[in-house]
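In what follows, a single structure is set out as structure tokens and then discussed.
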Amino acid sequence: MSSVRVLVGTKKGGFVLTSDGKRQKWEVTGPHFAGWEIYHMKGSPVDPNRIYASQTSGWFGQVVQRSLNGGKTWETMGNKFLYEGEVGNHLFYDGTQRPWEFKRVWHFEPSITDPDTVYAGIEDASLFKSTDGGQNWTEMPALRSTKGELWQPGAGGMCLHTILLDRKNPERMYTAISAAGAFRTDNGGESWKPITKGLKSPYELPDPNAEVGHCVHRIAMHPSRPDVLFMQKHWDVMRSDDAGDSWHEVSGNLPSDFGFPIDVHAHEPETIYVVPIKSDSEHYPPEGKLRVYRSKTGGNEWEPLTKGLPQSDCYVNILRDAMAVDQLDKCGVYFGTTGGQVYASNDSGDTWSPIVRDLPGVLSVEVQTLA
Amino acid sequence: MIRVVLPVHLRTLAKVNGEVRLDVSGPVTQRSVLDALESRYPMLEGTIRDHQTKKRRAFIRFFACQEDLSNASPDDRLPEPVVNGTEPFLIVGAMAGG
């Protein structure tokens, strides 16, 4: 019988939540790496018991952990993230140029074909790759050459938070960087192009043709349709049907089109999920009601999903890496909040229940569907 | 034998309990002690000082014999009680909460 394993990164440790295919009773283990910020944990699609974890601390810096047994035990891997060649500068808040400086790993994306290959999205924004299971890391420097001197940090830092691998075209990848934009490579990372045509950020970027500087919060795709992308931008929910060459808005009837995560149903490529947040200055759900919104039409027409979610006095946020879907039928949907709750739906979002209510603030949620 | 006390998170990371005892060849300085420490516990590389510049991380402090040695030259000889093993070299996470 199938089972699921939910990997939860929090501000004070990592947690592993497991259940059988019914997804009604859960076993919780953790905290792993107690007291450290666990920005992200993700398992290899090729070898699901191989899990990478980003363990960080303002005191002690970055540690990379790897488990080979599904999170039961961990080993410390390499944490040397050195920019290639001349480090160069990026734009800073005050308009001056600042040299790139490594701060932390925001996101690990294990390869879909090789268990020893894993990508890391880091702050200050760049993309790194390991081909030896996380022991040694090499920058893919062409990305920072894509107008990197114009990138500047957003409020959360200049982080590369989204890495999407194209299952149909191994040479194609997408990345997204907060306050810098979205980028695509068609040659395995040798060169990149900004994919921001159609994005509108009139207050931050008066130039409608600006290629970089858009605050992209998250991009999602369905693996069967890698040319169709869905984006939660700082404001606006966007869609591309041409691999990011152009975007159009699909915010439709959402109560707010500000938010962080976005994800796609495992079996219905036109069904997508967002969690609207009131505004950029009030990072909590509109009206104190925690509502996931689902569109079954690829955007524009949205329905609120509220059963089992708090509908009064709820003022949590859901961060960009804190939503995931499993592969079971019916599709499971999961998200974690800054208030420490992890909610799960085992029926594609129709109903929800908390797996845990009192974890530290949740930074990331990933789910593995196990045979 | 040089005695080193690590903060709790780094003891956990290095999988050690209590003090670490190190053989340090040559002059006993911050640099030579940290070199020996990282050589024996490579998982600590980058957690106390920068990989490349070897500068102390911002919220790490070094103490010995009731003295704050955080901003001393990494090549200064450490106090004699540290060198002869009667006092430990303390690596401390700075009080910088919030």
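Legend: mean number of C-beta atoms from other chains within 10 angstrom of residue C-beta atoms, peptide A:10-21, equals 0. Each of A:A210, A:I262, B:A58 was scored by the projection of its Cα onto the charge dipole of the protein assembly as shown, and the greatest displacement toward the positive side belongs to B:A58; charges sit on the C-beta of Lys, Arg, Asp and Glu. Residues A:T306, A:T271, A:T196 in ascending order of nearby Cβ atoms (within 10 Å, fewest first): A:T306, A:T271, A:T196. Distance between the modelled labels on B:D50 and A:T138, one decimal in nanometres: 2.5 nm (7 Å Cα→Cβ projection).
With +1 on each Lys and Arg Cβ and -1 on each Asp and Glu Cβ, and nothing else charged, work out how big the dipole of the protein assembly as shown is about its Cα centre, in Debye to the nearest 20. The dipole of the protein assembly as shown has a size of about 960 debye. Taking other C-beta atoms within 10 Å as the exposure proxy, A:T56, B:T86, B:T53 rank B:T53, B:T86, A:T56 from fewest upward. Among the residues of B:46-52, the average count of other protein chain beta-carbon atoms within 10 Å of the residue beta-carbon is 5. Taking a straight Cα-Cα cut-off under 26 Å and skipping sequence neighbours fewer than 8 places away in the same chain, the lysines within cross-link reach of A:K103 are A:K11, A:K12, A:K42, A:K80, A:K129, A:K147, A:K193, A:K233, B:K15, B:K54, B:K55.
Counting only other chains, and only Cβ atoms inside 10 Å, what mean value do you get across the residues of A:56-65? Walk me through the intermediate numbers first.
Numbers: counts 0, 7, 8, 13, 12, 11, 3, 7, 1, 2.
The per-residue average across the peptide is 6.
Computed over the protein assembly as shown, the per-residue total of -39500 (n - 2.57) for DSSP H runs of n ≥ 4 gives a 222 nm mean residue ellipticity of -1000 deg cm²/dmol, rounded to 500.
When A:T185, A:T96, A:T131, A:T175 are sorted by how many other C-beta atoms sit within 10 angstrom of their C-beta, beginning with the fewest, the order is A:T96, A:T131, A:T185, A:T175. Could you work out the percent of alpha carbon pairs in chain A separated by over 34 Å, rounded to a whole number? It works out to 19 percent of all Cα pairs. Please enumerate, by chain and number, the aspartates and glutamates with C-alpha under 13 Å from the C-alpha of A:K289, excluding those fewer than 8 residues away in the same chain. Within the straight-line limit of under 13 Å, A:K289 reaches these aspartates and glutamates: A:D313. As a calculated quantity, the FRET efficiency between A:T297 and A:D347 at R0 = 25 Å, using C-beta atoms, amounts to about 0.85. Projecting the Cα positions of A:A53, A:P354, A:Y334 onto the charge dipole of the stretch A:3-370 (unit charges on Cβ atoms of Lys, Arg, Asp and Glu, taken about the Cα centre) puts A:P354 furthest along the positive direction.
Among A:208-214, A:11-17, what's the highest-first ranking by average C-beta atoms within 10 angstrom per residue? List each step's numbers first, then the result.
Details: A:208-214: 17.3, A:11-17: 21.6.
The most tightly packed comes first, giving A:11-17, A:208-214.
With each label modelled as a point 7 angstrom along the Cα→C-beta vector, the B:D76-B:N17 pair spans 3.6 nm.
Here's how it looks for A:I277: its modeled amide H is under 5 Å from those of A:F258, A:G259, which are all 5 or more places away or on a different chain.
Can you bin chain B into rounded, prolate or oblate? Criterion: square roots of the alpha carbon gyration tensor eigenvalues sorted a ≥ b ≥ c, rounded for a/c under 1.5, prolate for a/b above b/c, oblate for the rest. Rounded is the answer for chain B, as its axis ratio a/c remains below 1.5.
Read the figures in this text as sums done on the coordinates, not as results from a lab. Quick caveat: nothing in here was measured; it's all calculated off a predicted structure. With ideal geometry, Cβ positions are generated from the backbone for all residues, glycine too; neighbour counts draw on all protein chains shown.
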